[in-house]
1. Of the residues I47, I83, I58, I52, which single one is at pLDDT 95 or above, hydrophobic (A, V, I, L, M, F, W, C) and within 30 Å of A129 (Cβ to Cβ)?
2. What pairs can you find where one residue is in the range 136-154 and more than 18 Å from R164 (Cα to Cα), the other is open to solvent by 40 Å² or more (accessible area, probe 1.4 Å) and assigned to a helix (DSSP H, G or I), and their Cβ atoms are less than 7 Å apart, with a gap of 6+ or different chains?
3. Within the range 134-144, does at least one residue satisfy the condition of being open to solvent by 30 Å² or more (accessible area, probe 1.4 Å) and of a type in the set (G, A, S)?
4. Across the range 96-115, what is the number of residues that are hydrophobic (A, V, I, L, M, F, W, C) and open to solvent by 30 Å² or more (accessible area, probe 1.4 Å)?
5. Taking the stated definitions as given, is L151 closer than 20 Å to M74 by Cα, of a type outside the set (D, E, K, R) and assigned to a helix (DSSP H, G or I)?
6. Which of the following residues is open to solvent by less than 90 Å² (accessible area, probe 1.4 Å), among the hydroxyl-bearing types (S, T, Y) and under 30 Å from A108 (Cα atoms): T42, T51, T35?
7. Considering every residue within the range 13-32, establish whether at least one is open to solvent by less than 30 Å² (accessible area, probe 1.4 Å) and at negative phi.
8. Quick check on the range 44-76: of everything there that is in a loop (DSSP other than H, G, I, E, B) and touching a residue at least 60 places away in the same chain (Cβ under 8 Å), which residue is nearest to T87 (Cα to Cα)?
Amino acid sequence: MEGRHYQSLPQSKLKAETAYHLPDPSVTPPVNASTPAVEVMTDLRRIAVVTIAFDSLIEDANQKMIAHGVRTLMVIDDQRHVIGIVTSTDILGEKPMQITHARGIHHAEILVHDVMTPANRLEVIDLQAVLTARVGDVLETLKRSRRQHALVVDQAPGGRQMVRGIFSATQIARQLEIAPSPPDTGPTFAEIRTAISS
């Protein structure tokens with residue numbers, strides 16, 4: 001940047017009755033079961049994943065989800081390794097109540113690692129499979145695994161596995177223009193199936 005001179009761009013006042021552009025359907029065609037799967041994947045090379053430390057309180061995780069408008073956080077350790085995921089269902093569902101009864105602790109004391117799904121229980125999809133898959137294949141995968149989310153992985157140059165993307169049933173439902181579900185639940189697969197078959 002040294003030696004290069006930058007100039008301020010010309011500006012003017014917004015005119016009265018200015019409208020705004022709507023998405024061009026030819027640029028962003030509607031999503032359906034035959035749409036390439038990669039088009040509904042949240043690509044972590046383009047969109048930063050929202051993370052939380054494993055020893056954070058679940059209330060902090062809940063506030064972070066609300067602030068970022070997401071229902072899933074990637075749980076990381078001190079070296080930024082992925083050690084699990086935590087969803088809004090994990091935080092707002094039955095798990096916290098079961099823990100308070102079993103351990104005799106207060107809800108405010110429950111940590112993320114108490115309710116998260118640990119990494120060794122997460123199934124992942126290789127990016128190479130995603131590149132040839134369709135949205136319908138992703139939905140079938142989520143349905144069979146009975147999960148609302150799936151992680152997509154690729155390999156770093158040294159061969160280390162890296163999380164490259166995330167599929168979210170909620171995000172796919174949004175792209176299919178299915179009405180939003182209550183905040184603590186995702187769309188049902190019946191709702192998604194109806195939307196892609198109509």
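1. Values: I47 fails: at pLDDT 95 or above; I83 fails: at pLDDT 95 or above; I58 fails: within 30 Å of A129 (Cβ to Cβ).
The conditions single out I52.
2. Filtered contacts from the range 136-154: G136/I196; L139/F189; K143/F189.
3. Checking the range 134-144: not a single residue is open to solvent by 30 Å² or more (accessible area, probe 1.4 Å) and of a type in the set (G, A, S).
4. Matching residues across the range 96-115 total 5.
5. No: the conditions fail for L151.
6. Criteria check complete, one pass: T51.
7. yes
8. So, considering only residues that are in a loop (DSSP other than H, G, I, E, B) and touching a residue at least 60 places away in the same chain (Cβ under 8 Å), the one nearest to T87 (Cα to Cα) is R71.
The values are calculated or read from the model by the stated rules, or taken from the named source; none is laboratory data. All values reported here derive from a predicted model rather than from experimental measurement. Don't worry about glycine lacking a Cβ; one is built from the backbone with ideal geometry, like all the others, and counts go over all protein chains shown. Heavy atoms of the whole protein, side chains included, go into the accessibility calculation; ligands, DNA and RNA do not. Shrake-Rupley method; radii C 1.70, N 1.55, O 1.52, S 1.80 Å.
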